[in-house]
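S.K.: The structure is given below, and queries will be raised subsequently.
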Amino acid sequence: MPEILPDLRASEGILFDLDGVLTPTAEVHMRAWAAVFDDVFARWGIEPAYTDADYYAYVDGKRRYDGVASLLRSRNVEIAWGSADDPADAETVCGIGNRKNAAFAAALRSGGVAPYPGSLALLRRLSAAQVPMGVVSSSSNAQEVLETAGIRDFFTVVIDGRVAARDALASKPAPDMFRAGAERLGVDPRASVAVEDALAGVESAASAGFASVIGAEHGVGPDVLRTAGATYIVDDLARLLLETSETE
C-alpha cells in the first residue's frame, strides 16, 4: 500500500533544505568536493581514497568548514582551522573549504541552475494556499542559488551558512538552524514540516522537534534517512502535491 503523505496545507509552516531538495545543486556540490578532496588526498598521501560515501557521511548538509574538518578527521588528519578569509590555496580547513566554494561558484555561474520541476510545482501550490515557507541551508551560496533558480520570492525566511556564521548557530546535525528558521518564520516546529535530503539535515530537523520530517531520497538511502528521524520518504517532491486543485 502506498505511504499516506501529510497534507502540507495543514501545517503552520514548512522549512526546506535547498541543495538536493529544491534544486539539483547537490550534484554540483558533490563534484566540487570530489575535485578538491581527490587533489588533497593525492598530494598528502591520505588513504583510503575519497568516495561518494564520504560525501554523504561527513560532508553533506554541514557547513563547509565543518564538512572539511569532519572528513579529514575520519582519516585521522588534523590541520589548522585558519580563518574565513584564507586564500583558496591555503592548506587549512578554511582554505580547503574556500577552494571548494570557488569551484562550486564557477560551476554555478557557467551552468546556471533550475529548480526540480516537482519542487517548483509544490512551491506554487503551497504559495497559493498561503502556507508560510522558509529555507534552511548550510550553504553560503543559498541566496545566489535561490535567485538564479528564480524561486527566492517563495520564501520569507532564509537561514543559510552566512546567517549561521553571523549568529553563531551550530551546524547541522545540531538543531540550531532549523530552530532559528521556525522562530523567524513565526511557527511552532511541533506543528510544522521540514524537508531534507541530507543525513545531517534530517537529524537537525528531528532534533528541533518538527512534527514531520520528510526525507527527499537522492542517494543517502531511505533506511538511513528513517533511522536519522525522517517520518516520510519521497524521491520527488511532486509526490507531495495535493490531489485537490489549487482553487479548491
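S.K.: Under 8 Å by Cβ, and 6 or more places apart or on different chains, what pairs join a residue from region 157-186 that is free of Cβ contacts under 8 Å to residues at least 12 places away in the same chain with one that is not in a helix (DSSP H, G or I) and not acidic (Asp, Glu)?
M.R.: These pairs meet every condition: LEU169/ILE159.
S.K.: Specify the residue that is modelled with the lowest pLDDT; the eligible residues are those in region 103-118 that are assigned to a helix (DSSP H, G or I) and among the hydrophobic types (A, V, I, L, M, F, W, C).
M.R.: LEU108
S.K.: Separate question: Here are some residues: VAL77, VAL21, VAL68. Which one is outside any helix (DSSP H, G or I) and under 30 Å from GLY209 (Cα atoms)?
M.R.: Result: VAL21 is the single residue among VAL77, VAL21, VAL68 that is outside any helix (DSSP H, G or I) and under 30 Å from GLY209 (Cα atoms).
S.K.: So which of VAL28, VAL68 is farther than 27 Å from TYR116 by Cβ and either buried (at least 20 other Cβ atoms within 10 Å of the Cβ) or in contact with a Phe, Trp or Tyr (Cβ under 7 Å, 6 or more places away or on another chain) (or both)?
M.R.: The conditions single out VAL68.
S.K.: Within region 39-46, can one find any residue that is assigned to a loop (DSSP other than H, G, I, E, B), in the same structural domain as GLY82 (by TED's automatic domain parsing) and modelled with pLDDT of 95 or more?
M.R.: Scanning region 39-46 turns up at least one residue that is assigned to a loop (DSSP other than H, G, I, E, B), in the same structural domain as GLY82 (by TED's automatic domain parsing) and modelled with pLDDT of 95 or more.
S.K.: If the requirement is being of a type outside the set (Val, Ile, Thr) and free of Cβ contacts under 8 Å to residues at least 12 places away in the same chain, which of these qualifies: ALA35, ALA80, ALA49, ALA84?
M.R.: Just one listed residue meets the conditions, ALA49.
S.K.: Additional query: Please count how many residues of region 184-197 are in contact with a Pro (Cβ under 9 Å, 6 or more places away or on another chain), part of a loop (DSSP other than H, G, I, E, B) and under 16 Å from TYR232 (Cα atoms).
M.R.: Residues that pass the stated criteria total 1.
S.K.: Among VAL157, VAL195, which is the only one that is modelled with pLDDT of 95 or more, surrounded by 23 or more Cβ atoms within 10 Å (Cβ to Cβ) and of a type in the set (A, V, I, L, M, F, W, C)?
M.R.: Matching residue, one of VAL157, VAL195: VAL195.
S.K.: Which residue is surrounded by the most Cβ atoms within 10 Å (Cβ to Cβ), if the candidates are limited to region 87-102 and must be touching a residue at least 12 places away in the same chain (Cβ under 8 Å) and assigned to a loop (DSSP other than H, G, I, E, B)?
M.R.: Among residues in region 87-102 that are touching a residue at least 12 places away in the same chain (Cβ under 8 Å) and assigned to a loop (DSSP other than H, G, I, E, B), the one surrounded by the most Cβ atoms within 10 Å (Cβ to Cβ) is THR92.
S.K.: Residues GLY215, GLY181, GLY209: which one is part of a loop (DSSP other than H, G, I, E, B), farther than 24 Å from ALA69 by Cα and at pLDDT 95 or above? Walk me through how you get there before you give the answer.
M.R.: Numbers: GLY215 fails: part of a loop (DSSP other than H, G, I, E, B); GLY181 fails: part of a loop (DSSP other than H, G, I, E, B).
Matching residue, one of GLY215, GLY181, GLY209: GLY209.
S.K.: To continue, here is another question. I'm checking my understanding of the structure. Among residues of region 198-222 that are touching a strand residue (DSSP E or B) at 6+ places or on another chain (Cβ under 7 Å) and surrounded by fewer than 24 Cβ atoms within 10 Å (Cβ to Cβ), which one is nearest to ASP176 (Cα to Cα)?
M.R.: ALA206
S.K.: Could you go through region 6-17 and let me know if any residue there is of a type outside the set (Gly, Ala, Ser), part of a helix (DSSP H, G or I), buried (at least 16 other Cβ atoms within 10 Å of the Cβ) and within 21 Å of the chain's Cα centre (by Cα).
M.R.: yes
The values are calculated or read from the model by the stated rules, or taken from the named source; none is laboratory data. This structure is a prediction, so every number in the text was calculated from the model and none was measured. Glycine gets a Cβ as well: all are built from the backbone with ideal geometry, and neighbour counts include every protein chain shown.
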